[in-house]
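Working notes, beginning with the structure itself.
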Amino acid sequence: RFSKILIGGQATPPGLLERSFTVGLPVIRTYGSAETSGGVVYDGVAIGETRLRISEDGLVEISGPSLATGYLGDPELTADNFLMDPDGSRWWRTRDLGTITDGVLRISGRVDDVIVSGGIKVSLFEIEKVLAEAGITAVASWFEDETWGQVPALLSLVELDQQSVRDEIESRLGKAARPYRFLPVKDFPILPSGKLDR
């Protein structure tokens, strides 16, 4: 009875869209935030008068009429995150990394989910994506290392076959993404929003 079902807030779990379409559910992936008054990108395409661009450092920036005026009581945070172009257009600088190809936005992770290991950028988001595709429930994190600066680690609720997990991640993402440490936990740390507290 629904014309559309919107899903957003975080990365769509692998296989969910395919399963939804198989049973005839009209699912649309949305992207947006409180700063944009909700989802302003549907299936990677900006809706209405929303405009998208990628900054020089790879961050997604959004402009449009639904954009917030700033952060209440925090002019410094507002100045850091809301930009004004010479033509007078306002842009909100997200913390999401992405690309735009043929007008379609693809999110590749968050800037705070990227570590530098031995001079190589490693996306914890991409590590989790590989794990999810392999049917492994784990959270990618990191710890400081004297030799490499930062190195990946995995938190899991169950014991993992460490060698096979390392091999799978290395084969897909390279040696720098290979987890150095595996930490069993009883629960994953969660923020009040329900999202992972990395």
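The values are calculated or read from the model by the stated rules, or taken from the named source; none is laboratory data. Note that the coordinates shown come from a computational prediction; the quantities given were computed from them, not determined experimentally. In this analysis, Cβ positions are derived from the backbone assuming ideal geometry, glycine residues included, and neighbour counts consider all displayed protein chains. When the accessible area is computed, the model is the full protein with side chains, heavy atoms only, and any ligands, DNA or RNA have been set aside. Shrake-Rupley method; radii C 1.70, N 1.55, O 1.52, S 1.80 Å.
With both labels modelled 7 Å from their Cα along Cα-to-Cβ, the residue 188 to residue 87 distance reads 4.0 nm. Dividing the helix sum by the residues of the chain, where each DSSP H run of 4 or more adds -39500 (n - 2.57), gives a mean residue ellipticity at 222 nm of -5000 deg cm²/dmol. Rg/Rh for segment 85-133 stands at 1.11; both radii use Cα atoms, and Rh follows the Kirkwood definition. Protein-only accessible surface at a 1.4 angstrom probe places the residues 142, 148 in the order 148, 142, largest first.
Before anything else, pin down the relative contact order of segment 85-140: Cα pairs under 8 Å, at least 6 apart, normalised by residue count, whole percent. Rounded, it is 20 percent for segment 85-140.
How big is the gap, in Å, between the Cα center of segment 26-43 and the Cα center of segment 104-146? Using only Cα atoms, the two centres lie 23 Å from each other. Tally Lys/Arg at +1 and Asp/Glu at -1 over every other residue whose Cβ is under 13 Å from the Cβ of residue 5; what's the total? Overall, the nearby charge balance is +3. Ordering 147, 94 by accessible surface, largest first, gives 147, 94; the 1.4 Å probe counts only protein heavy atoms, with every chain in place.
With R₀ fixed at 35 Å, the C-beta to C-beta distance from residue 100 to residue 137 puts the FRET efficiency at about 0.65.
Is the shape of segment 1-90 best called rounded, prolate or oblate, per the rule: a/c under 1.5 gives rounded, else a/b larger than b/c gives prolate, else oblate, with a ≥ b ≥ c the square roots of the Cα gyration tensor eigenvalues? It is prolate, given that a/c is not under 1.5 and a/b is the larger ratio. A straight chain from residue 158 to residue 74 at 0.36 nm per residue would run longer than the Cα-Cα distance by 26.0 nm. Straight-distance candidates among the aspartates and glutamates for linking to residue 175, with alpha-carbon spacing under 13 Å and chain neighbours fewer than 8 residues away dropped: 167.
In segment 40-193, the convex hull through the Cα atoms has an average projected area of 12.1 nm², a quarter of its surface area.
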